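This report concerns only the one structure given below.
The values are calculated or read from the model by the stated rules, or taken from the named source; none is laboratory data. Not measured: the values here are computed from a predicted model. Every residue, glycine among them, receives a Cβ derived from its backbone with ideal geometry; neighbour counts consider all protein chains shown.
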Amino acid sequence: MYITYERAEFDVNDIGEIRRVVGEAYHNGVEASKHGRVADYIPELAKGKADDFGICMLGTSGEPIAFGDVEKRFSIQSISKVINLAASLKFLGFRETFSHVGMEPTGDTFNSILKLDTVSDLPFNPMINAGAIQIMSMLSNIMDFDELLGFARAFCMDDKIELNTPVYLSESETGDRNRAIAYLLKSKGVLQGDPDKTLDLYFKMCSLNVNAKTLANMGLLLACRGQNPFSGKHVIYPGYIRTIKSLMFTCGLYDESGEFGVMVGLPSKSGVGGGIVSTVSDRWGIGTFGPALNEKSNSAGGIAALKHISHLLKLNVFS
Ligand code: GLN
């Protein structure tokens, strides 16, 4: 298949051309990062460097297409919400999971309490803080952190994922808004576990150290319907992957999910550490890292790079 743009016609399956497009996307990401700001509401995150940027695209060949800071580890932050949801679906099932959390986008910021208090007792979806905290309350009854870490490593095809202890301590010391959410859920009688144990697991999962390659791996596992394409191991049932990707598409970038869906059109999830994971069914996992965030707390560089790749390689799921 050939697409036309300013330079020439090219074959979107030609790996050399794909590499060229990803290289251009990298430069767009570097430029866009100049207009973003590193998150500082968690003190350890303020140490992030605004001019870091990297992108990694991985297919089943196992040969990554990578530019920039793809080895540098940073905290996964809200991208862990994908892992938490996957664990809940795998170990508790669809019916139990969605008896306690909804499937609707909020249009609010990721840590909002507004609608939770005024509109609904259950959190709207698992991709915002309230929903992830609710999921952690369920998981805290059946798993400890080491078991969740083991699952995260399998889900991301990365055995080197570790807890970033300074980030965890920093989150735990300053996470009053998340505490407010957990105790509000408890006051409504919907939280499924002990609030402090729940929050501890939530903070730890936000503090896993990953890099852009890890995120590309996660995206590829999602693209391969939950099967590790290198070992052949089925990490999670394909039907659950469909659910996860649907929620990533509709809710993965907080109150920018709608615009991102139009402009990029790929199931994706962002985190305030600067990561974005995206997945292209049957083909690619894409991981970007750029800690300079836009006003919606999403990576400015990551969004610019993904727009370019999706547009030129026609990856929008509705293309
Ligand atoms: N740990 C962060 C928090 O709970 C995660 C938020 C995010 O990445 N958007 O506030």
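Taking the condition of a type in the set (D, E), at pLDDT 95 or above, farther than 23 Å from T250 by Cα and within 15 Å of the ligand (Cβ to nearest atom), does D144 pass?
On the way: of a type in the set (D, E): yes; at pLDDT 95 or above: yes; farther than 23 Å from T250 by Cα: yes; within 15 Å of the ligand (Cβ to nearest atom): no.
No.
Residue-wise test of (1) farther than 24 Å from C206 by Cα; (2) over 13 Å from the mean Cα position of the chain (by Cα); (3) crowded, with 23+ Cβ neighbours inside 10 Å; (4) at pLDDT 95 or above.
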{"residue": "Y240", "(1), (2), (3), (4)": "no, yes, no, yes"}
{"residue": "K245", "(1), (2), (3), (4)": "no, no, no, yes"}
{"residue": "T250", "(1), (2), (3), (4)": "no, no, no, yes"}
{"residue": "F260", "(1), (2), (3), (4)": "no, yes, yes, yes"}
{"residue": "R283", "(1), (2), (3), (4)": "yes, yes, no, yes"}
{"residue": "T288", "(1), (2), (3), (4)": "no, no, yes, yes"}
{"residue": "N294", "(1), (2), (3), (4)": "no, yes, no, yes"}
{"residue": "G302", "(1), (2), (3), (4)": "no, no, yes, yes"}
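Which of the numbered conditions does Y41 fail, given that it passes all the others? Conditions: (1) crowded, with 19+ Cβ neighbours inside 10 Å; (2) within 12 Å of the ligand (Cβ to nearest atom).
(1)
Residues checked against (1) surrounded by fewer than 19 Cβ atoms within 10 Å (Cβ to Cβ); (2) modelled with pLDDT of 95 or more; (3) in contact with a Phe, Trp or Tyr (Cβ under 6 Å, 6 or more places away or on another chain):
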residue: V21; (1), (2), (3): no, yes, no
residue: E31; (1), (2), (3): yes, yes, no
residue: K34; (1), (2), (3): yes, yes, no
residue: K47; (1), (2), (3): yes, yes, no
residue: A50; (1), (2), (3): yes, yes, no
residue: G54; (1), (2), (3): no, yes, yes
residue: L58; (1), (2), (3): no, yes, no
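Which count do you get for residues in segment 218-260 that are away from the ligand (no atom under 16 Å from the Cβ) and not in a loop (DSSP other than H, G, I, E, B)? Talk me through it step by step, then tell me what you get.
Filtering segment 218-260 for residues away from the ligand (no atom under 16 Å from the Cβ) gives 219-246, 249-250, 258-259.
Checking the rest, the ones that are also not in a loop (DSSP other than H, G, I, E, B) come to 219-223, 227, 234, 238-246, 249-250, 258-259.
Residues in segment 218-260 being away from the ligand (no atom under 16 Å from the Cβ) and not in a loop (DSSP other than H, G, I, E, B): 20 in total.
Quick test for you: out of A46, A32, A66, pick the one residue that is under 19 Å from the mean Cα position of the chain (by Cα) and either more than 16 Å from the ligand (Cβ to nearest atom) or over 30 Å from G232 (Cα atoms) (or both).
Matching residue, one of A46, A32, A66: A66.
D121: away from the ligand (no atom under 16 Å from the Cβ), surrounded by fewer than 18 Cβ atoms within 10 Å (Cβ to Cβ), over 15 Å from I286 (Cα atoms) and touching a residue at least 24 places away in the same chain (Cβ under 8 Å), yes or no? Don't jump to the end; show me each part of the working.
On the way: away from the ligand (no atom under 16 Å from the Cβ): yes; surrounded by fewer than 18 Cβ atoms within 10 Å (Cβ to Cβ): yes; over 15 Å from I286 (Cα atoms): yes; touching a residue at least 24 places away in the same chain (Cβ under 8 Å): yes.
In short, yes.
So, in segment 179-190, how many residues would count as being in contact (Cβ under 8 Å) with a residue 24 or more places away in the chain, within 16 Å of the ligand (Cβ to nearest atom) and surrounded by fewer than 23 Cβ atoms within 10 Å (Cβ to Cβ)?
Residues flagged as in contact (Cβ under 8 Å) with a residue 24 or more places away in the chain, within 16 Å of the ligand (Cβ to nearest atom) and surrounded by fewer than 23 Cβ atoms within 10 Å (Cβ to Cβ) within segment 179-190 amount to 2.
G93 - would you say it is of a type outside the set (S, T, Y), modelled with pLDDT under 95 and either surrounded by 17 or more Cβ atoms within 10 Å (Cβ to Cβ) or more than 16 Å from the ligand (Cβ to nearest atom) (or both)? Please lay out each step first, then the result.
Numbers: of a type outside the set (S, T, Y): yes; modelled with pLDDT under 95: no; either surrounded by 17 or more Cβ atoms within 10 Å (Cβ to Cβ) or more than 16 Å from the ligand (Cβ to nearest atom) (or both): yes.
For G93, the condition - of a type outside the set (S, T, Y), modelled with pLDDT under 95 and either surrounded by 17 or more Cβ atoms within 10 Å (Cβ to Cβ) or more than 16 Å from the ligand (Cβ to nearest atom) (or both) - is not met.
Suppose the filter is under 24 Å from G287 (Cα atoms), among the aliphatic types (A, V, I, L, M), surrounded by fewer than 19 Cβ atoms within 10 Å (Cβ to Cβ) and more than 15 Å from the ligand (Cβ to nearest atom); does L149 pass it?
Values: under 24 Å from G287 (Cα atoms): yes; among the aliphatic types (A, V, I, L, M): yes; surrounded by fewer than 19 Cβ atoms within 10 Å (Cβ to Cβ): yes; more than 15 Å from the ligand (Cβ to nearest atom): yes.
Against the criterion (under 24 Å from G287 (Cα atoms), among the aliphatic types (A, V, I, L, M), surrounded by fewer than 19 Cβ atoms within 10 Å (Cβ to Cβ) and more than 15 Å from the ligand (Cβ to nearest atom)), L149 qualifies.
Quick one: which helices (runs of 4 or more DSSP H) lie wholly within segment 1-113 and hold at least 2 residues that are touching a strand residue (DSSP E or B) at 6+ places or on another chain (Cβ under 9 Å) and under 16 Å from L247 (Cβ atoms)? Talk me through it step by step, then tell me what you get.
Numbers: elements: 15-33, 80-92, 94-100.
Output list reads 80-92.
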